[in-house]
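Chemist: Below are the structure tokens for one structure; questions will follow.
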Amino acid sequence: MAEKEIKETTIEESFQALDEIITKMESADVTLDESFALYKSGMEELQKANSKIEQTKKAVMAISKDGGLEVFEGVE
């Protein structure tokens, strides 16, 4: 049996999926049940995006004044 390859989504893909979910939820012809399903799907997509952002933040490194590497904490 061949294993299914699980594709990890990018942050941009997650944001695009969230945008599509929001557009669907704003539709006048969406049912209440569909709204709940879309909300759940949106929350899952948001968690994936937040996780990916945290992974990226941890991976970003900055060179310190003494030439060493340190975790980049962002602009103060």
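Values in this text are rule-based calculations from the coordinates and carry no lab data. These figures come from a predicted structure and were not determined experimentally. So basically every Cβ, Gly included, is an ideal-geometry build from the backbone, and we count neighbours across all protein chains shown.
Chemist: May I ask for the net charge around Phe15, where only other residues with Cβ less than 11 Å from the Cβ of Phe15 are counted and Lys, Arg are +1 while Asp, Glu are -1? Write down the numbers at each step before the final one.
Modeler: Numbers: positive: Lys48, Lys52; negative: Glu12, Glu13, Asp19, Glu20, Glu45.
My count for the surroundings of Phe15 gives -3.
Chemist: A further question on this structure: Would you kindly derive the ³J(HN,Hα) couplings of segment 25-37 from the backbone phi angles with the Karplus curve 6.51 cos²θ - 1.76 cosθ + 1.60 (θ = phi - 60°), listing them in order in whole Hz, with x for Gly and Pro?
Modeler: 5, 7, 5, 6, 9, 7, 7, 4, 4, 5, 4, 5, 5
Chemist: Evaluate the distance, in nm, between pseudo-label points positioned 7 Å from the Cα of Ala37 and of Lys24 along their respective Cα→Cβ axes.
Modeler: The two pseudo-label positions are separated by 0.8 nm.
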